1. Has segment 32-47 got any residue that is of a type in the set (A, V, I, L, M, F, W, C), touching a Ser or Thr at 6+ places or on another chain (Cβ under 8 Å), at negative phi and in a strand (DSSP E or B)?
2. In segment 41-57, what count of residues is obtained for those that are within 19 Å of Thr604 (Cα to Cα) and either at pLDDT below 95 or not charged (D, E, K, R) (or both)?
3. Under 6 Å between Cβ atoms, at least 6 apart or on separate chains: pull out the pairs that start in segment 84-101 with a residue that is open to solvent by 20 Å² or more (accessible area, probe 1.4 Å) and end on any residue that is part of a loop (DSSP other than H, G, I, E, B).
4. Quick check, is Ile608 open to solvent by less than 30 Å² (accessible area, probe 1.4 Å), part of a strand (DSSP E or B), within 30 Å of Gly37 (Cα to Cα) and touching a helix residue (DSSP H, G or I) at 6+ places or on another chain (Cβ under 7 Å)?
5. Within segment 113-150, track down each residue that is in contact (Cβ under 8 Å) with a residue 24 or more places away in the chain, surrounded by 13 or more Cβ atoms within 10 Å (Cβ to Cβ) and of a type in the set (Lys, Arg).
6. Only one of Val72, Val61 is in contact with a helix residue (DSSP H, G or I) (Cβ under 8 Å, 6 or more places away or on another chain), of a type outside the set (Asp, Glu), in a loop (DSSP other than H, G, I, E, B) and in contact (Cβ under 8 Å) with a residue 40 or more places away in the chain; which?
7. What residue, among those in segment 438-478 that are of a type in the set (Val, Ile, Thr) and part of a loop (DSSP other than H, G, I, E, B), is farthest from the chain's Cα centre (by Cα)?
Amino acid sequence: MVFDHTWMIGGPQGSGVDTAANIFATVCALNGYKIFGKREYYSNIKGEHSYYEVRLSNVKVNSTTSNINTLVGIDAETIIRHAEDVVSKGIIIFNNDILKVKIDEIKTMDDYFNIRLKKYLSNKNKDFSVHGILETAKDRKVLLYPISLLDILTKIPKLTCRNYNSYRLLNIIYVSLSLAIFNVPFTSISDVIGKIFYSKPNVIKHNVEISKLAYQYAVDNFKIISNLKLNFKHDMLIKGHESIALGKIIAGCKFQSYYPITPATDECLYLESKKFINKNMVDEVTVIQSEDEISSICMAIGSSLTGVRSSTSTSGPGFSLMVESLGWAGINEVPIVITLYQRSGPSTGLPTRHGQEDLLFAIHAGHGEFSTIVYASGSIEECFYDAITCFNLSEIYQIPVIHMVDKFLASSIITCNKFDLGVIKIMRGKLLHDVNKDFKYKRFEITKDGISPRSKLGQHNGIFWNTGDESDEYGHITEDPLCRIQMMDKRISRLDLIIKNIPKSQQIVLHKLNEYCIISWGSTAGPILDAIKMLERINIKVGFLQIKLLQPFPTEYVKSSLCDVRIIIDIESNKTCQLGKLFKQNLHRDIDYYILKYTGRPMTCTEIYRSLKNIFNKTATKEMILTHGK
């Protein structure tokens, strides 16, 4: 029997929602559950609504759903925003002191949401309050678990109360209540608290004390949800930005620059904090916070010229500033990796929200013509291996590689097996470790394969020139028309070489093939795979072709893979069907259906399942827009 349960906790930013969810996910993973979680938050420091969903199951899950089984509200706004999504026989845990809170009293809720909510409550003849919201939930047979925080707080020692503000008490209380309902041993909760606050013994003591009181309160007052005894052993519970950072470390990246921007900053801070042992020596990546994104990419280029594997991480607005220097790297054949964490634009847009809106921008970034690779990861596990692949490709072909990920991948968390280091290969291409003194070195030499030997700055006998102007084989500026043709042909010829040499398994992933087939890219892969499993339970079969190499586009391989496919369905998180346009441009074939989302929230498997089901039932429109999410 499949156990599939979504737990959500919400509250004001700064109330410890993230910490509570991490404790919950870690404890559940240690007790054998398979986990997928994601975090949503506003673009301010404190006060606005934040929430964290954790989906736990006894089978692998790759995404979140549109349904909530257990909702934990640290504040009234969480109940008001999310109670509607709690399923029949689901659970809402809340402090009974919030029942009388009126909707208009909550200043952080925007007018658009309030108007829709009041219309909904009016149709149900309910009060415009938390009580009215909970009454509608009760009508749908949702179980209400009111708690008396006063009963719990009065049992907490005064010393603890003096050392913690009320919100820091609440997050550990609510997560302990929840874990008791899932019948996990209390020892696993106290162990995780100890690991999270390992450097603060007093904090550990007080949190364990509070947790024990809340746990016992739930045992005494609430019904147990699960008695599953699971034997899964997970090697890792890892977030997307951590996966990329670890991939960079294993790839041998020694320099990363960045200017703070959501969500790239998370990866950079994680990377900066990590040291690792290499040949009995402590090694680490040099991470530099620059004054802006222009400096950031220029630092990475300069570092790469010394022979060091170098990268920079950013998001859309930052990448916009990097474009001129990207062209400089292109004309000078400098290998660098740019990790592009997409979010919703344009301009600042939705700075902490999800989107897949930068695909065509990344492919066409820069004036003039030069070769780049645009490569997209579809899962947290892929992020690790792809980070390494991007460094290899960048150095083999001596071009910039843009690694496309997004906010959804960066902020999500998953249980997975240990990364297989045995399959990792480090390939540095034509990097010279020594230059013969009798050899007249040409940095941009015309060669049969179009790739020149690469010297390093300061290398004896390997002197070379760099300029933003067109140059000859030595790097000297020239405007000779025939030399220009030679150099342009050499640089652009790498696109054909890339398609020819990159293993097909790294170009696209054929999850399944069928008469009806989905094409997609990036983080939509997880919810698509989960939706396909849901469809299989009702005997509907759908294929899925995930495109990883987006520039240069693997036209012939995609075409041959889809030759027997009758209906093509494009699924992506943007308004203008960017992959669909790229597909049609290269294959001269129309897309039959589009499933799109551009609310700033990631797709859920439930939304995709319903849309695909409509296609099979012949009730779908050509373009379907998904809207789930608060």
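The values are calculated or read from the model by the stated rules, or taken from the named source; none is laboratory data. These numbers were taken from a predicted model, which means no experiment stands behind them. Note that we place each Cβ from the backbone using ideal geometry, even for glycine, and neighbour counts take in every protein chain shown. Calculation scope for accessible area: heavy atoms of the full protein, side chains included, ligands and nucleic acids excluded. Shrake-Rupley method; radii C 1.70, N 1.55, O 1.52, S 1.80 Å.
1. Yes, some residue in segment 32-47 is of a type in the set (A, V, I, L, M, F, W, C), touching a Ser or Thr at 6+ places or on another chain (Cβ under 8 Å), at negative phi and in a strand (DSSP E or B).
2. Final tally of qualifying residues: 7.
3. That search, which allows pairs on different chains as well, returns Val87/Asn67; Ser88/Arg140; Ser88/Lys141; Lys89/Lys141.
4. Answer is no for this residue.
5. Of everything in segment 113-150, just one residue is in contact (Cβ under 8 Å) with a residue 24 or more places away in the chain, surrounded by 13 or more Cβ atoms within 10 Å (Cβ to Cβ) and of a type in the set (Lys, Arg), namely Arg140.
6. Of Val72, Val61, the one residue that is in contact with a helix residue (DSSP H, G or I) (Cβ under 8 Å, 6 or more places away or on another chain), of a type outside the set (Asp, Glu), in a loop (DSSP other than H, G, I, E, B) and in contact (Cβ under 8 Å) with a residue 40 or more places away in the chain is Val61.
7. So the residue we want is Thr478.
Yes/no matrix, rows are residues, columns are (1) over 24 Å from Gly47 (Cβ atoms); (2) out of contact with any Asp or Glu (no Cβ under 7 Å at 6 or more places or on another chain); (3) aliphatic (A, V, I, L, M); (4) modelled with pLDDT under 90:
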residue: Lys89; (1), (2), (3), (4): yes, yes, no, no
residue: Ile92; (1), (2), (3), (4): no, yes, yes, no
residue: Asp97; (1), (2), (3), (4): no, yes, no, yes
residue: Val101; (1), (2), (3), (4): no, yes, yes, no
residue: Asp110; (1), (2), (3), (4): no, yes, no, yes
residue: Asn123; (1), (2), (3), (4): yes, yes, no, no
residue: Lys126; (1), (2), (3), (4): yes, no, no, no
residue: Ser129; (1), (2), (3), (4): no, yes, no, no
residue: Lys141; (1), (2), (3), (4): yes, yes, no, no
